[in-house]
Amino acid sequence: MTARQQAPHVYRAINAITAAFARDGIPKTHTNLRDQYHYRSIDDVLNRLGPLLAKHRLCVLPRVLKHRMSTQVGEQDSLLTNIQLLAAFDLVSARDGSTHVVRCWGEALDGGDKGTAKAMSAAYKSVMLQAFCIPVACDDADASSRRLKLPASATEPTEGWPMWCDGICDMIGLCESLDALDRVRTRQGTLLAALKRERPELYTRIGEAFTKRSEELAAPKAALQAKAKPAARKMAPVMETVDG
């Protein structure tokens, strides 16, 4: 038997599936409007890969090796769950039982209970695209420098810009410190940037609200400092008298 015939079937199957994708890859037909990039969904990968795995009798068996969870604050103070997991994928040949293991990290942010499922899908898609060297069956996005323009509805809050602006102004008025104002500005940064582009008159109104509240919060501190200076001047003669 030749060296080729003696090779474990798991590698021959991987090679055959890679060859099939080399002729006809998976195009990036979906667009993330927010971050302006094209991508292939997990369903795109599964729909194309499934028949090839069955044809070449190759099984993909996932396992989670590590799982980490933390919480983060999203836009409008929403609570998000961050999931990070290390997954192992056993590529097993149904012909001779030969195996090969590939590992990959998956990460996802979710506002509900789907974080782990999303992270697992991300890890699966990443492993399959790399293990089988799946190309893009269309012009590479890096071939040009075109940028997508977000439609107005892509970033506008559900309640609409005017009502959202009213809510932010009310929130600014309730801030009790300059640090609180900074937190509002940071957490609403994405929407404020969109508001500046789409409704500059409302953006100006919010800016005036920030300025006014900043001056109000700074005024008591300035008044206390002004009172402290005369008190210090009154103490000086007394100290001199005592020393004398």
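The values are calculated or read from the model by the stated rules, or taken from the named source; none is laboratory data. This is a predicted model, so every value here is computed, not measured. Virtual Cβ from ideal backbone geometry, glycine too; neighbours counted across all protein chains shown. Surface areas here come from the heavy atoms of the whole protein model, side chains and all, with no ligands, DNA or RNA. Shrake-Rupley method; radii C 1.70, N 1.55, O 1.52, S 1.80 Å.
Being part of a helix (DSSP H, G or I) and at pLDDT below 90 is a property that holds for residue 226. Only residues that are outside any helix (DSSP H, G or I) and open to solvent by less than 20 Å² (accessible area, probe 1.4 Å) were counted in segment 164-185, giving 1. The strands (runs of 3 or more DSSP E) located wholly in segment 35-153 that include 1 or more residues which are crowded, with 17+ Cβ neighbours inside 10 Å and at pLDDT below 95 occupy 79-93, 99-110. When residue 27 is tested against the conditions (1) outside any helix (DSSP H, G or I); (2) out of contact with any Cys (no Cβ under 7 Å at 6 or more places or on another chain); (3) more than 24 Å from residue 93 (Cβ to Cβ), the lone failure is (2).
Mind listing just one residue for me: the one in segment 39-54 that is among the hydrophobic types (A, V, I, L, M, F, W, C) and under 23 Å from residue 94 (Cβ atoms) and, of those, farthest from the chain's Cα centre (by Cα)? Before the answer, list the steps.
So the first thing to find is which residues in segment 39-54 are among the hydrophobic types (A, V, I, L, M, F, W, C), and the list is 42, 45-46, 49, 52-54.
With under 23 Å from residue 94 (Cβ atoms) added as a condition, the list becomes 45-46, 49, 52-54.
On the way: 45: 21, 46: 23, 49: 27, 52: 32, 53: 31, 54: 34 Å.
My answer is 54.
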